[in-house]
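Down below is the structure, laid out as structure tokens.
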Amino acid sequence: MYREHTRVVQIGNRKIGGGNPVLIQSMTNTRTDDVKATVKQILELEAAGCEIIRCAVPDMAAAEALSEIKKQIHIPLVADIHFDYRLAIAAIEHGADKIRINPGNIGSRDRIRAVVDAAKERRIPIRIGVNSGSLEKDLVEKYGGVTAEGLVESALDKVKIIEDMGYDNLVISIKSSDVLMCARAHELIARETDHPLHVGITEAGTLYSGNIKSAVGLGIILYQGIGDTIRVSLTGTPLEEIKSAKRILKTLGLRKGGVEVVSCPTCGRTRIDLIGLANQVESMVQDIPLDIKVAVMGCVVNGPGEAREADIGIAGGVGVGLLIKKGEIVKKVPEEQLLDTLREELLQWKE
């Protein structure tokens, strides 16, 4: 089921599914009952481009903190619940815009029904999460191990439990740290349900390896038209998750806005600190609200040609550099003035 045809689900003041834009999620890593620290982190994530935020709710103090947190933020708040159905109900009562549960570890059907009834009363969506690490033993045995097919069957079983209780305001997430298994699982489940899908590569790893795995996995899934909201899971600051998610969506043509920096890989002709310069440019453009491509090239030999597809660029030489627009050399400036010259041009840029 391509994202244009999934059901629309309202999460707070945002909508996913039905062709709405793919939204970016992250998760706080503060103690949720530390309201001040949690709000501070969420506001930072909002400023970076986070559109839905999830908080862990491991105890009643965390559930009760949600109401105060929600007063101070501007994006939908999702409560992440495991094991204790009472925490899910409390999170709903304290203003969560969505709850994330795995019905398999919530307990008996009566306990699941109590959660569903509370969500139904307030029209709160339920995200059903199934991870490869918690796949049921009978499905592991049935499929001869943890497989995409097993993940899909597990998720659809959970969906049916809740639908049979008269509630279908659902979002599904099936995650694995195995990139190709995760991609296959999404391809399979998209054929079986029209509920919107939250996509991510779980436990992807550190900033380096996690970004690679997430870019490959999310790229495969999203490019097929599958997925309504995403999270890049990284072992590090959540701010890095937002940066990566925005870049993935922009690269796939699913998001506009923000300066894109392209730079050459350097070679023996390079006579400037191109690596340092490219990093400075990338940092500099973070807060410039333009939807353009900026090229940073290492030499004046190929620079103008390589930067032809960029809107604006700079190319370094020996003690001197070029400012380039649409592949044409505009002017020559001393090397130490390249960065400032580019900044001035961008601040005066009119799209």
Worksheet item: Quick one: what pairs do we get from region 217-244, first residue among the hydroxyl-bearing types (S, T, Y), second part of a strand (DSSP E or B) and open to solvent by less than 10 Å² (accessible area, probe 1.4 Å), C-beta under 7 Å, 6+ apart or different chains?
Response: T229/I16; T229/L23; T229/Q25; T229/I52; T229/H198
Item to complete: Answer with yes or no whether R308 is open to solvent by 50 Å² or more (accessible area, probe 1.4 Å), basic (K, R), in contact with a helix residue (DSSP H, G or I) (Cβ under 8 Å, 6 or more places away or on another chain) and closer than 23 Å to I275 by Cβ.
Response: no
Worksheet item: Just checking, how many residues over region 121-155 are farther than 23 Å from D168 by Cα, assigned to a helix (DSSP H, G or I) and more than 27 Å from the chain's Cα centre (by Cα)?
Response: 7
Discussion item. Return the residues of region 230-241 that are surrounded by 17 or more Cβ atoms within 10 Å (Cβ to Cβ), of a type outside the set (G, A, S) and over 16 Å from L43 (Cβ atoms); say none if nothing qualifies.
Written reply: I230, R231, V232, L234, E240
Worksheet entry | Subset tally (residues that are among the small types (G, A, S), closer than 18 Å to E136 by Cβ and either surrounded by fewer than 21 Cβ atoms within 10 Å (Cβ to Cβ) or free of Cβ contacts under 8 Å to residues at least 24 places away in the same chain (or both)) for region 148-172 | 1
Worksheet item: Which condition number does T30 fail, the rest of (1) touching a helix residue (DSSP H, G or I) at 6+ places or on another chain (Cβ under 8 Å); (2) farther than 26 Å from G257 by Cα; (3) in contact (Cβ under 8 Å) with a residue 12 or more places away in the chain being met?
Response: (3)
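Would you call R100 of a type in the set (K, R), open to solvent by 10 Å² or more (accessible area, probe 1.4 Å) and touching a helix residue (DSSP H, G or I) at 6+ places or on another chain (Cβ under 8 Å)?
Considered against the rule, which asks whether it is of a type in the set (K, R), open to solvent by 10 Å² or more (accessible area, probe 1.4 Å) and touching a helix residue (DSSP H, G or I) at 6+ places or on another chain (Cβ under 8 Å), R100 comes out as no.
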Fill in: Lone qualifier among E64, E46, E93, E68 - being under 22 Å from the mean Cα position of the chain (by Cα) and open to solvent by 20 Å² or more (accessible area, probe 1.4 Å)
E46
Item to complete: Could you grab me the full set of residues in region 145-181 that are among the polar types (S, T, N, Q) and touching a His at 6+ places or on another chain (Cβ under 7 Å)?
Response: S173
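Taking the condition of being of a type in the set (S, T, N, Q) and in a helix (DSSP H, G or I), how many residues in region 86-107 meet it?
Final tally of qualifying residues: 1.
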Worksheet item: Within region 242-257, is even one residue of a type outside the set (K, R), open to solvent by 60 Å² or more (accessible area, probe 1.4 Å), more than 14 Å from the chain's Cα centre (by Cα) and within 18 Å of I212 (Cβ to Cβ)?
Response: no
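Among the listed residues D110, D117, identify the single one that is modelled with pLDDT under 95, part of a helix (DSSP H, G or I) and open to solvent by 20 Å² or more (accessible area, probe 1.4 Å).
Going through D110, D117 in turn, the sole match is D110.
The values are calculated or read from the model by the stated rules, or taken from the named source; none is laboratory data. These numbers were taken from a predicted model, which means no experiment stands behind them. Neighbour counts are summed over all protein chains in view; Cβ atoms, including those assigned to glycine, are modelled from backbone coordinates with ideal geometry. Quick note on the areas: whole protein, heavy atoms, side chains included, nothing else; ligands and nucleic acids left out. Shrake-Rupley method; radii C 1.70, N 1.55, O 1.52, S 1.80 Å.
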